[in-house]
Amino acid sequence: MSQANTGQAGTFMSAPGDSALGETITLTQAKKLIQCMAAEQSFLLLSPPGVGKSEMVVQAAAEVGLPCRSLLGTQIAPEDVSGIPRIVGERSVFCPPRILLPERPEPFCLFLDELPACAPDVQKALYSLLLERRLGEHALPQGTWVVAAGNRVQDRALVRSMSSALVNRVTILNLRVETHEWLTWAKANGVRNDVTSFIGYMPDALMRPVPAEPQPFSTPRAWTLLSRALDMAEASGMLNREIRRALAFGRISPEDAAVFCALAEEAIEKMHPLAHYIRHPDALPKGDAARWFVLNAMRQNIREGTLAGLTPRLVNRFLKSLSTEQQLTLVGDLVPQWSALGADPAMLDLLKQVTKL
């Protein structure tokens, strides 16, 4: 986190997340922390756009029976927090808005979305709410959660500088996308099989970096909405090659859209586990796009060390069954990893083919 500028109290500093993130946690871990602690401590969840922060907070509250009330930071003014004054007797009394202080004194989850995008005056108005659970002279009902969320500076999401005083009033949780978590959620929430299969084989495609230019990019939200769009187009009888490509390129990263659509157009059969292809090289898809897709997924699993239980004989036979170009694509910068699987004989043969020795 960048240090605050010196010179005056309450200075504004760069928003959290503009440097190295440090420790990150998954959405599931964040949800458990919120359910455990949010009645006493306020949280600020930071992540790239489209990770699923908002839905996770709503789900966390619903699981413990709390209604969730949301305020969007970019659409509120300071008086929306402090309330409007009215005359009571000989004094003025500030009346907080109903969304922040319902008439019935029952606990709820207050979700402050896009907090890092709030104007400085709005951030100041939130100080006592975040730390003391108070709106002026009014206290929030006992047991109320206060959870905020937003994006990071590097996400190019119109994030403002954040007050050091505000940062010191919250526990900041930097979130990361966890593929298995999302796939479990997606399968339980009706995301299409072609989408979940694609992400299962190509987990990097679930969350791409925010591009420098304003163009579609892959996020869990983008894939979920693409799945729904494809379902609606299919139900109306409109889904064809052109519509699929228009929807995919309009929602996710171009490189992911190209491969996703190519696989759909080749109408490949159900994909097998990667180890199956190593044991049975003839089962590799015949189409170029589908074969590249499987080999790329295999590269990622080799890099991460998640392909196990394979004998050197199987590994060498598999590599030798591929073309020279495909072997080079697979081995590339992963020589130590393939060597650990016993692939030295196949890699030596490949070296001789390339160097003509």
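Based on alpha-carbon atoms only, what is the radius of gyration of region 274-355 relative to the globular estimate 2.2 N^0.38 Å? Could you put the intermediate results ahead of the total?
Values: Rg = 11.6 Å, N = 82, 2.2 N^0.38 = 11.7 Å.
The reported ratio for this selection is 0.99.
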Just how far, in whole angstrom, is region 210-263 from region 20-62 if you go by their alpha carbon centroids?
27
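Can you tell me the length gained on complete extension of the stretch Ala340 to Ala283, counting 0.36 nm per residue apart and subtracting the Cα distance? Don't skip to the answer; put the middle values down first.
Working: separation 57, 0.36 × 57 = 20.52 nm, distance 2.43 nm.
So the extension gain works out to 18.1 nm.
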Would you please give the FRET efficiency between Glu265 and Lys187, computed as 1/(1 + (r/R0)^6) with r the Cβ-Cβ distance and R0 = 22 Å, to the nearest 0.05?
0.35
Work out Dmax and Rg for region 23-64 from the C-alpha atoms and quote the Rg first, both in angstrom.
10.0, 27
Taking the simple approach of a point 7 Å from Cα along Cα-to-Cβ for both His180 and Gln300, what is their distance in nm?
1.5
Normalised by the residues of region 179-266, what does the relative contact order come to in percent, with Cα pairs under 8 Å and at least six apart?
27
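For the pairs Lys187/Lys286; Lys32/Lys53; Lys320/Lys356; Lys286/Lys320, note any where the Cα-Cα span goes beyond 25 Å. Before the final figure, lay out the partial values.
Details: Lys187/Lys286 28 Å; Lys32/Lys53 13 Å; Lys320/Lys356 17 Å; Lys286/Lys320 17 Å.
From the list (Lys187/Lys286; Lys32/Lys53; Lys320/Lys356; Lys286/Lys320), the Cα-Cα distance tops 25 Å for Lys187/Lys286.
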Along the Cα-to-Cβ line of Arg313, 7 Å from the Cα, sits a label point; which residues in region 280-304 have backbone N less than 20 Å from it?
280-283
Ala258 versus Ala235, label points 7 Å from Cα toward the beta carbon: distance in nm?
3.3
Report the FRET efficiency, 1/(1 + (r/R0)^6), for Ile172 and Ser128, where r is their Cβ-Cβ distance and R0 is 25 Å, rounded to 0.05.
0.85
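What's the FRET efficiency of Gln35 with Leu72 using the Cβ-Cβ distance as r and R₀ = 30 Å, to the nearest 0.05? Mind showing how you got there, number by number?
Details: r = 23 Å, r/R0 = 0.77.
Calculated transfer efficiency: 0.80.
Coordinate-derived values only; no laboratory data. The shown structure was predicted, so the numbers you read here are calculated from the model rather than taken from an experiment. Don't worry about glycine lacking a Cβ; one is built from the backbone with ideal geometry, like all the others, and counts go over all protein chains shown.
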